Amino acid sequence: MVVDFELTDEQKAAVEMAHDFALNELRPIAEEWDRKGEFPKDLILKKAVDAGFTTAGIPEEYGGGGLDQLTSAMVFEELFWGCAGLATSIGANNLATAPILIAGTEEQKKRWLTKLCDGEPRLAAFCLTEPEAGSDVSSIKTTAKLEGDHYVINGQKCFITNGGISDVYTVFAQTEEGLTGFIVGGDYEGVSMGKHEDKMGIRASHTAEVFFDNVKVPVEDVLGEPGRAFVIVMQTLDMTRAGVAAAAVGVARAAFEEALAYAKQRVQFGQPIIVNQGISFMLADMLMKIEAGRRLYYYAGWLATKMAAEGRMSRRLSVASSIAKAFCGDMAMEVTTNAVQILGGYGYMKDYPVEKYMRDAKIMQIYEGTNQIQRYVIAANLMGIKELKQA
Ligand SMILES: Cc1cc2nc3c(=O)[nH]c(=O)nc-3n(C[C@H](O)[C@H](O)[C@H](O)COP(=O)(O)OP(=O)(O)OC[C@H]3O[C@@H](n4cnc5c(N)ncnc54)[C@H](O)[C@@H]3O)c2cc1C
């Protein structure tokens, strides 16, 4: 058999557990924390830790769940179905720890990954973006100067999920050799939180600036070779984009279910609005696109799992994960917008969750590389450019 769409027993169990958590723990508090615009760390993080979601992708030998990239993405489809904001903060550890899994030494993995898996409510944050360096990673201005047996990091990161409330940071800064990755403890002197962002959507996630002010990091905590971090960043995003695509499918699915139920019970002109082809075809299109998106992230997640197992990266994975991320991000925006349309004026009101889904979906086109940047990756491949250069 070339392709088997049957989930394994392990995958079915993981998806079911994530669905129950989304239904019973995330959905009941989603609206309140969306309104407050804060991540209720004290309320939800320990539960997420106990359920294994914050460390799902960390190998079992370091105390994590050991889920492969595909199964992890399936789990996050469910959590994002529950609440995209809460799920973003819960899931950010996966992005932050990917550079350690890709480029870390055995000693670094033992020290930092094990710490994140000690059962305490711990978070990790991925610190790449800066005020003047978003899509253009090469513009990063944060510096790390070698002084004897340690580096001194100075700079400012922005839009960091769980920034300022994390125990572990993977930080990218310029050294003499070029862009370099570091692992930084949240309790190190000089690490501080700046502005806490007030966002359009995923409002129950925590997003903030992070400042590094003369932060001393031992040379043992450099990730990979100094000057080689651009490749680590690209490989990290190749590995995690299937997860963003899955997240987008989760949000779209939530909106679709709400719109379908509403269309069946809302009566206008003496009949449920779903009997109008203008509505039922919209719903059919929404379902078609959700299903297409899920197949794309299944493929990207499967390929990421295969590459991780083989300990290598490939252009095929870069393209597949960019296709999945861009398609699913755009699809989630379209599906959630149409869900609001199907609910009419009620869809525009906060009494129904679809306006939240629409606000939440927008981020899927922006974070972990905008959808223009995904198209850039796909087009570069079409043009035969072997590696995205550090422009
Ligand atoms: C809620 C939230 C959470 C985030 N979490 C994190 C995090 O945890 N860690 C982290 O490091 N970052 C994080 N980010 C940052 C995010 O990854 C960046 O916002 C994103 O990569 C885009 O960068 P930018 O905002 O600077 O936009 P810019 O790069 O300035 O882009 C602006 C616009 O120009 C377009 N554009 C830029 N270059 C090109 C080009 N060559 N061709 C065509 N179009 C182009 C972009 O697609 C976009 O539409 C987060 C952002 C948000 C909003």
How would you rank 256-267, 365-376, highest first, on the average number of other Cβ atoms within 10 Å across their residues? 365-376, 256-267
The chain: most fluctuating residue of Ala84, Ala309, Ala380 per GNM, C-alpha cutoff 10 Å: Ala309
Using the count of nearby Cβ atoms within 10 Å as a rough guide to exposure, how do Val171, Val2, Val319 rank from fewest to most? Val2, Val319, Val171
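Enumerate by residue number the trypsin sites (Lys or Arg not before Pro) in region 276-365 meeting two conditions: DSSP loop (anything except H, G, I, E, B), and at most 13 other Cβ atoms within 10 Å of the site's Cβ.
Passing sites in region 276-365 are Arg312, Lys350.
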Region 1-148 - percent relative contact order, Cα under 8 Å, separation 6 or more: 24
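Please compute the alpha carbon radius of gyration of region 229-382, then divide it by the globular-protein estimate 2.2 N^0.38 Å. Two decimals is fine.
Values: Rg = 17.7 Å, N = 154, 2.2 N^0.38 = 14.9 Å.
Cα Rg divided by the expected 2.2 N^0.38 Å: 1.18.
Relative to the present Cα-Cα distance, how much length would full extension add between Asp351 and Leu23 at 0.36 nm per residue of separation? Each step should come with its number before you reach the end.
Values: separation 328, 0.36 × 328 = 118.08 nm, distance 1.84 nm.
Extra length available between Asp351 and Leu23 comes to 116.2 nm.
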Please state the equivalent ellipsoid semi-axes for region 176-246: what are the square roots of 5 times the Cα gyration tensor eigenvalues, largest first, in whole Å? 25, 21, 10
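To the nearest 0.05, how large is the calculated FRET efficiency for Gln268 and Phe5 if R₀ is 45 Å and r is the Cβ-Cβ distance? It would help to have the intermediate numbers written out before the result.
Numbers: r = 38 Å, r/R0 = 0.85.
With a Förster radius of 45 Å, E is 0.70.
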If I build a Gaussian network model for the chain, linking alpha-carbon pairs within less than 10 angstrom, which residue out of Ala208, Ala326, Ala284 has the largest mean-square fluctuation? Ala284
Three principal axis extents, largest first, for the C-alpha atoms of the chain, in Å? 80, 46, 41
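When the chain is fully extended, how far beyond the present Cα-Cα distance does Lys110 get from Arg312, taking 0.36 nm per residue of separation?
Working: separation 202, 0.36 × 202 = 72.72 nm, distance 2.12 nm.
Extra length from Lys110 to Arg312 when fully extended: 70.6 nm.
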How much FRET efficiency would the formula 1/(1 + (r/R0)^6) give for Lys41 and Val219, where r is the Cβ-Cβ distance and R0 is 30 Å, rounded to 0.05? 0.40
All-pairs Cα distance distribution in region 1-146, expressed in whole percent, bin size 5 Å: 2, 9, 17, 18, 17, 15, 12, 6, 3, 1, 0
When we measure straight from the Cα of Lys289, which lysines land under 17 angstrom away, once same-chain ones fewer than 8 places off are left out? Lys325, Lys362
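Only bridges whose two residues both fall in region 23-182 count here: according to DSSP, what percent of them are antiparallel, nearest 5? Mind dumping the intermediate values first?
Working: 11 of 16 bridges.
If I count the DSSP bridges inside region 23-182, around 70 percent turn out antiparallel.
Placing unit charges on C-beta atoms (Lys and Arg positive, Asp and Glu negative, everything else neutral), compute the dipole magnitude of region 9-116 about its Cα centre in debye, rounded to 20.
Details: 11 positive and 18 negative charges, 92 e Å.
The calculation lands at about 440 debye.
Compute the Kirkwood hydrodynamic radius of region 61-106, taking the inverse of the mean of 1/r over all pairs of distinct Cα atoms, and give it in Å to one decimal.
Numbers: mean 1/r = 0.0857 Å⁻¹.
Taking every pair of different Cα atoms in region 61-106, averaging 1/r and inverting gives 11.7 Å.
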The base-10 log of I(q)/I(0) that the Debye equation returns for region 124-223 at q = 0.13 Å⁻¹, one scatterer per C-alpha, is -0.41
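Here, each number is a calculation from the coordinates, and none is a lab measurement. Here the structure is a predicted model, which means the values were calculated and not measured. Every residue, glycine among them, receives a Cβ derived from its backbone with ideal geometry; neighbour counts consider all protein chains shown.
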